[in-house]
Amino acid sequence: MIDFKEEVLKRKDQMIEDIKTLCAIPSVHDETTVGENQPYGKACRQALDKMLEIGKRDGFVTLDDQGYAGHIDIGNHSEYFGILGHLDVVPVNKVGWDSDPFEVVIKDGKLFGRGVADDKGPLIAGYYAAKIIHDLNLPVKKTIRVIFGCDEERGSSCVRHYFENHEYPSMGFTPDAEFPVVYGEKGMGSFHITGHIEKNGLVAMSAGTRANIVPESCEAIIEGNYKQYENSYHEFLQTHHITGTIEEEGNCTKLVLKGKSAHASTPEEGINAVCLMAQYLDTVLDNGLIHFIVNHLCDYYGQGLKINHDGQMGPLTMNLGVLRYRKEQCEVDLDMRCPHEMNLQEMAHQVETICQQYQLSCQSHLVDPLYVDPQSELVSKLHAAYQNVTGDQSQPQAIGGGTYAKSMPNCVAFGCEFKDEDNQIHGNNENIKIDSLLKATEIFAIAIYDLIKE
């Protein structure tokens, strides 16, 4: 009997070194360095090159899809099993990290750094699981194709481009979510809201970098001397158990409020700094943008927009991720995660109707939900491997996050975060337990071999 756990442990040090190397590259989308064969900027190109280099180092055939994505083929069969991971990462906050986010450190048995859990670490786990099957010369009937893109965090244009030019594997998984196996992913709605709103005391307001991250900080500049707001602002902060600052800004007042970041699929795990700032400003200003936010955007489940729905996959969730207001022009970005029973077009129409009441324009981009039969061979065997290694009898699940699984047929999300572990994905001090990473690699190896063995 194959001891996959022992095989993983033999490769532990090299795995960690590869993760460190990849995570040292700050592969955030950078429009300023976009160019030929680097459609997402220089750093994403560097991360792609490094992953391709790892595959070449180990003797495998690689492919570069014009800087959008790449793959490593492990085996030489005509049918493919796919492992899909991403090399891009979300931006880091300027403050809040206990160490350099792009220099992986090991502390208390964990790796800390941007990308260790989302998704460079799990991608390496999947790669090494495939490599173990190859190294042991096990009898298989499919080539394992490890596919990696550079734009997952911004909508997965990378793998859309890739699959326009390359065939789909017959089945596969993406290690970009959690255990147990994910048979369903909610539909997604991205909303970009713009328009003119008279300032009425609000000079400027800004927060957030991505719609799929709960903004942890919000800054506002309002008319009037800071002393007239000082007492009420500090009282508001104390009442809501949050921190912030207030100071003079010319003839105006500058307010900064600190919340807590989280992934947009679980906004209730964060503290949305925009919503709290708006709630305070609503007590001292009569501004249309503030009214819009407070009345319609300050809950996590869409009640304010009258689109709330609870389905088999759980409730609709909503995140106000980005806000910009300056010179009486506003931009708001919303992220919705919607159960598969919902009509996304009707939901979008309702959001647009509310926006029109404030003379705001609304553009939407909708992504259908994912559903793979929980009784299918793919889900059943992935789940069996998880249960055999962990002993956990939990059933396959549906999530609000959107992954590469929606990019190809017969694909699901599988790992890498275990139950009762919080890897701080998209947050400060992103981390992953080394033992959990090794366990995930073992699970992947067992599952893949069961699905492709002769």
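The values are calculated or read from the model by the stated rules, or taken from the named source; none is laboratory data. Everything numeric here is computed off the predicted structure, so don't read it as measured data. Cβ: placed from backbone, ideal geometry, glycine included. Neighbour counts: every protein chain shown.
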| task | Starting from the stretch 306-321, keep only residues that are hydroxyl-bearing (Ser, Thr, Tyr), then list their pairs with residues that are not in a loop (DSSP other than H, G, I, E, B) whose Cβ atoms are within a distance under 6 Å, requiring at least 6 positions of separation or different chains. | result | Thr317/Pro267; Thr317/Arg337
| query | Pick from Leu63, Leu9, Leu22: which is of a type in the set (A, V, I, L, M, F, W, C) and in a strand (DSSP E or B)? | reply | Leu63
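Given the options Ile2, Ile54, name the one that is aliphatic (A, V, I, L, M) and buried (at least 17 other Cβ atoms within 10 Å of the Cβ). Working first, answer last.
On the way: Ile2 fails: buried (at least 17 other Cβ atoms within 10 Å of the Cβ).
None of the others qualify; the one that does is Ile54.
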| field | Pairs, first in the same structural domain as Lys20 (by the TED database) and within 13 Å of Met15 (Cα to Cα) in the stretch 51-69, second part of a loop (DSSP other than H, G, I, E, B) and aliphatic (A, V, I, L, M), C-beta under 9 Å, six or more apart | value | Met51/Leu87
| query | Does any residue in the stretch 17-37 that is small (Gly, Ala, Ser) come within less than 7 Å, Cβ to Cβ, of a residue that is assigned to a loop (DSSP other than H, G, I, E, B) six or more places away or on a different chain, and which pairs are these? | reply | Ala24/Phe102; Ala24/Glu103; Ser27/Leu87; Ser27/Asp88; Ser27/Val89; Ser27/Cys150
| task | Tally the residues that are among the aliphatic types (A, V, I, L, M) and surrounded by 23 or more Cβ atoms within 10 Å (Cβ to Cβ), restricting the search to the stretch 57-73. | result | 2
| field | Any hit, the stretch 413-426, residues being under 23 Å from Val90 (Cβ atoms) and without any contact (Cβ under 8 Å) to a residue 40 or more places away in the chain | value | yes
| request: Might you let me know whether the stretch 432-449 holds any residue that is of a type in the set (S, T, N, Q), over 28 Å from His309 (Cα atoms) and crowded, with 20+ Cβ neighbours inside 10 Å? | output: yes
| request: Only residues that are among the aliphatic types (A, V, I, L, M) and part of a loop (DSSP other than H, G, I, E, B): list them for the stretch 194-221, please. | output: Ile197, Ala211, Val214
| Which ones in the stretch 139-193 are farther than 19 Å from Gly402 by Cβ and part of a strand (DSSP E or B)? | Val140, Thr143, Ile144, Arg145, Val146, Met171, Ile193
| message | Return the residues of the stretch 271-301 that are in a loop (DSSP other than H, G, I, E, B) and touching a residue at least 40 places away in the same chain (Cβ under 8 Å); say none if nothing qualifies. | response | Asn272, Thr283, Val284, Leu285, Asp286, Asn287
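What tally of residues in the stretch 406-433 results from selecting those that are in contact with a helix residue (DSSP H, G or I) (Cβ under 7 Å, 6 or more places away or on another chain) and of a type outside the set (Gly, Ala, Ser)?
Of the residues in the stretch 406-433, the ones in contact with a helix residue (DSSP H, G or I) (Cβ under 7 Å, 6 or more places away or on another chain) are 407-408, 410-416, 418, 421, 432.
With the extra rule that they be of a type outside the set (Gly, Ala, Ser), the set shrinks to 408, 410-412, 414, 416, 418, 421, 432.
Total satisfying the criteria: 9.
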| What tally of residues in the stretch 335-385 results from selecting those that are outside any strand (DSSP E or B) and either more than 21 Å from Met408 (Cβ to Cβ) or of a type in the set (A, V, I, L, M) (or both)? | 27
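Please verify whether Leu344 is touching a residue at least 40 places away in the same chain (Cβ under 8 Å), within 24 Å of Ala211 (Cβ to Cβ) and of a type in the set (A, V, I, L, M), treating the condition exactly as stated.
On the way: touching a residue at least 40 places away in the same chain (Cβ under 8 Å): yes; within 24 Å of Ala211 (Cβ to Cβ): yes; of a type in the set (A, V, I, L, M): yes.
Taking the combined requirement at face value, the residue satisfies it.
Out of Lys110, Lys94, which single residue is more than 22 Å from Pro169 (Cβ to Cβ), surrounded by 14 or more Cβ atoms within 10 Å (Cβ to Cβ), of a type outside the set (Asp, Glu) and assigned by the TED database to the domain that holds Cys150?
On the way: Lys94 fails: surrounded by 14 or more Cβ atoms within 10 Å (Cβ to Cβ).
The match here is Lys110.
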| Count of the stretch 397-428 residues which are closer than 19 Å to Gly155 by Cα and assigned to a strand (DSSP E or B) | 4
